[in-house]
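Heads up: the structure comes next, in structure tokens.
Here, each number is a calculation from the coordinates, and none is a lab measurement. All values reported here derive from a predicted model rather than from experimental measurement. Neighbour counts run over all protein chains shown; Cβ positions are idealised from the backbone, glycine included.
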There are 2 protein chains.
Amino acid sequence: MARIDWQNGKVEMVHGSGGRAMQQLIRELFASEFKNEFLDQGNDGAILPLHLPCSPDGARLVMATDAHVIAPLFFPGGDIGCLSVHGTLNDVAMNGAAPLYLAAAFVLEEGFPLADLKRIVQSMAQAAREAGVPIVTGDTKVVERGKGDGVFITTTAIGAVSEGVELSGANARPGDKVLVSGSMGDHGVTILSLRESLGFESELQSDTQSLQELVLSFVGRVPGLRCLRDPTRGGLANTLNEIAQQSGVGVHLQEAAIPVKPVVASACEFLGLDPLYVANEGKLIAICAPEEADTLLALLREHPKGRDAAIVGEIIEDPHHFVQMTTRFGGRRMVDWLNGEQLPRIC
Amino acid sequence: MARIDWQNGKVEMVHGSGGRAMQQLIRELFASEFKNEFLDQGNDGAILPLHLPCSPDGARLVMATDAHVIAPLFFPGGDIGCLSVHGTLNDVAMNGAAPLYLAAAFVLEEGFPLADLKRIVQSMAQAAREAGVPIVTGDTKVVERGKGDGVFITTTAIGAVSEGVELSGANARPGDKVLVSGSMGDHGVTILSLRESLGFESELQSDTQSLQELVLSFVGRVPGLRCLRDPTRGGLANTLNEIAQQSGVGVHLQEAAIPVKPVVASACEFLGLDPLYVANEGKLIAICAPEEADTLLALLREHPKGRDAAIVGEIIEDPHHFVQMTTRFGGRRMVDWLNGEQLPRIC
């Protein structure tokens, strides 16, 4: 991996892709400068103790934040408004927590149509209502024409972690099973197809949705649940590489078991994309003890948002922390970190 | 006030100025679509109940968020990094709360020098360390060249409100005194002078600083404290107009009592600005019961960040909720809401 040139280097699109270059920037700059035990947890959102006079052990909060810069702003299945609510609530839910409150900050570009802004804000409001989480505070800034791109929305959510729930990307152990809650790649392929006007748009639809109900339907009922993660930027492949590194294990996937919709597979083939690297905005990965995998699978499938859940692989011992896959044809291949920039501005 | 044209209207710079147009956009769009009792509090940050099994009454959290789009990114006295920490921590502190945790989300423009990004991140880290508040989670997005402006930073903070503290812009009552913690206009005038290369830069310096220590030094000791607010965008004038409206009162200021540094006054005169409308990033307004004003003044002046505190006016009855001022020359004038766009991208 190339060294970052801190003297003459520039920010590149690849620094936002969810892949290796982004990991490196986060590790060498943000994580190193901001260093603290909470940020070091390395999950999508931090678990925070809240010491109160009434409770010697205190409560545990989760806090998660996401900047949304997706282009285009409107797409089949959603828009930047509902996406910005779902994305951040999902990060809280992946910690096994019930989201409580949302904050929203807008950077608007001068000249942006107010009618579009209204549509976006209404979509946020509806997504927040559906999730039962109020948007309690906010901020609005305006930048000159050509210094932004319509609207960027940063949402931040806090939630409360239930007692006894301890999920982390660092908890996976050899033998554990890897599950996904549904088909991979829907969101990313929808956006790219739309951006390139490829004509798949009529059949494709983003999967953007909030996952908290799904998570809360099973999280207390599977004691061997190790980790939940939503495979957004960088898709299933990057998320599993992150978990493999955090837990110090390897992952072995079965390609035939990974649900991918036929239209997504066709669009990916046409675009030269691998659906394993494509962003999802309404799906989760769950890792759990092998003896509870069938129970978890059944619980996921009971819920409409987990209907197409599947067991797609297992955690293995591997000192190199590789993610590998048995292909449909029985071969074996590496599923490496995303190296270049596959899909910029996908969320 | 002109009606917003929701069909053909566009976002204008004035929608971000902190003045009347921004208030209107917030009221008619965000507050109306997101409507809930917490957002309706109308302060810079929302007070949130946290119901825990251990505590029937629960604890109270504060959550505040701010998008920072200041240009230029570096200025005498600070940069977008420390400003983005101070600004949001101050919003929490204005609720009489101790900030606990910070989240940070970055929108980076392709081509932005990594050396500048590092300098900004280091400045954030130092500001967070000085305030004793860790940055616990974050996000990084990259947009194409020409779709952003270097770096935008949205920070969100949560804090815990001490028992018995009940501050709100809705609490001011006729007879109450209005105090400021120091000189007005330093930050905004520094930025504008720098942007216009006016040559005042050698003497001017932003006042960006975190105010939590100052607030926590007096907040439990003045039972008649009604409200704290940091006069950022729109300055003292807008902030007092907001409070007058929230509380259903008027405000009467004494111009001669308002501290303004001579160099700030000169630069304002040269630029045709009124220092009362210019943003501050390290000052607070306090409103308190008349019998406690001298105590509060003494407590403010005891702290290095409140050394130049002053009593600058009082709350009066006024069905029109006007802010008025007795000028240096004994005349009387209205201090209306900022109407146009005075200083874009000041924070």
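Check cross-link reach from A:Lys305 to the aspartates and glutamates: straight Cα distance under 15 Å, and skip same-chain residues fewer than eight apart. In chain and number order, the partners are A:Glu130, A:Asp186, A:Asp207, A:Glu213, A:Asp230, A:Glu281. When peptides B:202-209, A:323-330, A:204-211 are sorted by average Cβ neighbour count within 10 Å, with the highest value leading, the order is A:204-211, B:202-209, A:323-330.
Here the Karplus curve 6.51 cos²θ - 1.76 cosθ + 1.60, taken at θ = phi - 60°, turns the phi angles of region A:35-44 into couplings of 2, 6, 5, 6, 4, 5, 4, x, 9, 7 Hz, with x standing for Gly and Pro. Pairs from the list B:Lys35/B:Lys147; A:Lys141/B:Lys147; B:Lys35/B:Lys118; A:Lys177/A:Lys283; A:Lys10/B:Lys283; A:Lys141/B:Lys118 with a Cα-Cα gap above 27 Å: B:Lys35/B:Lys147; B:Lys35/B:Lys118; A:Lys10/B:Lys283.
A cut-off under 9 angstrom between Cβ atoms defines the neighbours of A:Asn280, and their net charge, with Lys, Arg +1 and Asp, Glu -1, is -3.
Close amide-amide hydrogen proximity is noted between A:Gly234 and A:Ala279, each under 5 Å apart and 5 or more residues distant or on a separate chain (H modeled in the peptide plane; Pro and chain starts excluded). Entry note, the protein assembly as shown: the mean residue ellipticity at 222 nm calculated from DSSP H runs of n ≥ 4, each adding -39500 (n - 2.57), is -7500 deg cm²/dmol after division by the residues and rounding to the nearest 500. Spin-label model, B:Leu198 to A:Arg173: label points 7 Å out along the Cα-to-beta-carbon direction sit 6.7 nm apart.
Database remark: amide H of B:Gly9 closer than 5 angstrom to the amide H of A:Leu114, A:Ala115 (H placed geometrically; neighbours at sequence offset of 5 or more, or on other chains; Pro and chain starts carry no H). A simple packing score, the average count of other Cβ atoms within 10 Å per residue, orders the peptides A:3-13, B:273-283, B:104-114 as B:273-283, B:104-114, A:3-13, with the highest score first. Computed from the C-beta positions of B:Arg332 and A:Arg119 and an R0 of 41 Å, the FRET efficiency is 0.35 to the nearest 0.05. For A:His68, nonlocal amide neighbours, meaning residues 5 or more places apart or on other chains whose placed amide H falls under 5 Å from its own, are A:Ile153, A:Thr154, A:Thr155.
If the chain linking B:Ala298 and B:Ala31 were pulled fully straight, counting 0.36 nm for each residue of separation and taking away their Cα-Cα distance, it would gain 92.3 nm. Counted by neighbouring Cβ atoms within 10 Å, the residues A:Leu299, A:Leu100 run from fewest to most as A:Leu299, A:Leu100.
Taking loop as defined by DSSP and a crowding limit of 16 other beta carbons within 10 Å, which trypsin sites (Lys or Arg not before Pro) in region B:150-245 fit?
B:Arg221
Build a GNM of chain B with springs between Cα atoms under 10 Å: which of B:His86, B:His187, B:His320 gets the top mean-square fluctuation? Taking springs between Cα atoms under 10 Å, the residue moving most is B:His320. Projecting 7 Å from Cα along the Cα-to-Cβ direction, the label point of A:Gly330 sits 10.5 nm from its equivalents in the other copies, listed shortest first. Other protein chain C-beta atoms within 10 Å of residue C-beta, averaged over B:19-32: 3.
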